[in-house]
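Enquirer: Encoded as structure tokens, here's the structure I'll be asking about.
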Amino acid sequence: QHTTPRRDQSISISQEMKIQVMVVTLGLLSAARCFSSSASFLPARALRSLSTARSRSSPISHGALLGSSIVMGRLRGGTAQGAAASTCSAAQAQEFIDSVNSGYEEVHKAFEAQFWGTKMALSDGTKLADGTVTPAFNTEELTRTKTAMEAFLADKEKLDKTRELLASGAASEEQAKVLKMFERTFGCYIMENPESRALREVSMKIEGSLESQRNTMKLGATVPGEGFVEMSSVGLRTRMRTDKEEGVRKAMYEGLRSIGPFVLEKGFVDVVKARNAMAKSLGYSDYYDYKVTQAEGFGKDRLFEILDTLEKGTRDIMVSARKRLSGEKGEAA
């Protein structure tokens, strides 16, 4: 799920954890996801590995900053290494870091509000628990705010300034750590090829349309003796795992399985095509190769080599487990 933990004021996470939060939130981890919100089909949306259970009116976080308040506090206070650097240059670095953080917080919060509101089908003007009110929740605003967030991260001037500050050598150790995170993040979002940027915009529009239709899908299961029961995907999964009746568990499975044909009919294949076209325009074999390379620093071929090793190393355990399950529950299991 593409959500982040609640924070009423500044982020209160340890420095090292914050670094991981930034990496995950910006989708540099992947894969999950699968991203995006629309890594909703992404990553990505793993990107969303920071999920926490929230009510329908749960507050939207202030956005995952590119450096935590704790890290920022240390930067302002200075360290032994930072004190040795040029005060002027260190001050300039801090000003830039603060500017990027506050700017990203603004665009990320706007996107998160739209993502949560459209996903939960909130009514326009719903007051969230943190007191904020969003006038309208719709696919158009979701796409607009996502585009604005990605445009912020794809600003080449920010990348150039980041590299300039790093090259100066005047930044403190903590500032350099944050600036290096900036550098990788901006580098992942910048697309110098106009064709690639255009294809990305096309992809986001299709993703937004598909997500909107998925949110209005009437999901449920035809339960023996009960007829059709409307349920969420979470409810279907829970009952599929816990119901004592095999027929009911199978009905829950069929209900979940209906999502696949639905999204295929509503444009999922077009999303795949648009994403792959964008990735190929950037020199990657496909979108998955593009995301893996951004997240891990190596392509999908290397990833599959690693996964093949894992599969071979656990194959005997899997065969034994399936044999035991068959013996205890029957071949149908």
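Each value in this text was obtained by applying a stated rule to the coordinates, not by laboratory testing. Quick caveat, the model's predicted, so the values are computed rather than measured. No Cβ is skipped: glycine too gets one built from the backbone with ideal geometry, and neighbour counts run over all protein chains shown.
Enquirer: Report the local net charge at SER281: Lys and Arg +1, Asp and Glu -1, summed over other residues whose C-beta lies under 10 Å from its C-beta.
Expert: Net local charge, SER281 excluded: +2.
Enquirer: Of the listed peptides 90-101, 111-122, what is their order by residue-averaged count of other C-beta atoms within 10 Å, with the highest listed first?
Expert: Descending packing order for the listed peptides: 111-122, 90-101.
Enquirer: Here is a follow-up. Less than 20 Å from a label point 7 Å out along the Cα-to-Cβ axis of LYS250: which backbone N atoms in region 313-333 qualify, by residue?
Expert: 325-333
Enquirer: Follow-up question, since we're still on this one. Please compare each pair in LYS218/LYS329; LYS109/LYS180; LYS218/LYS250 to a cut-off of 26 Å on the Cα-Cα distance and tell me which ones are over it.
Expert: Pairs exceeding the cut-off: LYS218/LYS329.
Enquirer: Under 1.5 on a/c is rounded, so check that first for region 178-333, then, if it is not, pick prolate when a/b is larger than b/c and oblate when it is not; a ≥ b ≥ c are the square roots of the alpha carbon gyration tensor eigenvalues.
Expert: The shape class here is oblate.
Enquirer: Here's another thing I want to ask about it. Report, in debye and to the nearest 20, how large the dipole of region 128-280 comes out about its Cα centre when Lys and Arg carry +1 and Asp and Glu carry -1 on their Cβ.
Expert: Dipole size: approximately 420 debye.
Enquirer: So, one more: Go through LEU303, MET252, GLY327 and say which Cα lies farthest out towards the positive end of the charge dipole of region 232-333; charges sit on Cβ, +1 for Lys and Arg, -1 for Asp and Glu.
Expert: Working it through, the farthest residue towards the positive pole turns out to be MET252.
Enquirer: Here is a further query. Hey, can you grab everything whose amide H is under 5 Å from the amide H of GLY220? Only 5+ residues off in sequence or another chain; H modelled, so Pro and N-termini drop out.
Expert: MET231
Enquirer: Can you give the charge dipole size of region 222-271 about its Cα centre, rounded to the nearest 20 debye, using +1 on the beta carbon of Lys and Arg and -1 on the beta carbon of Asp and Glu?
Expert: My answer is approximately 220 debye.
Enquirer: What does the charge add up to near ASP301, with Lys and Arg as +1, Asp and Glu as -1, over the other residues with Cβ less than 13 Å from its Cβ?
Expert: Value of the local net charge: -3.
Enquirer: Shape call for region 257-333 from the C-alpha gyration tensor, a ≥ b ≥ c root eigenvalues: rounded (a/c under 1.5), prolate (a/b greater than b/c) or oblate?
Expert: Working: a/c = 5.25, a/b = 1.50, b/c = 3.50.
It comes out oblate by the Cα gyration axes.
Enquirer: If you find the alpha carbon centre of region 258-288 and of region 167-209, how far apart are they in angstrom?
Expert: Value for the Cα centre distance between the two parts: 22 Å.
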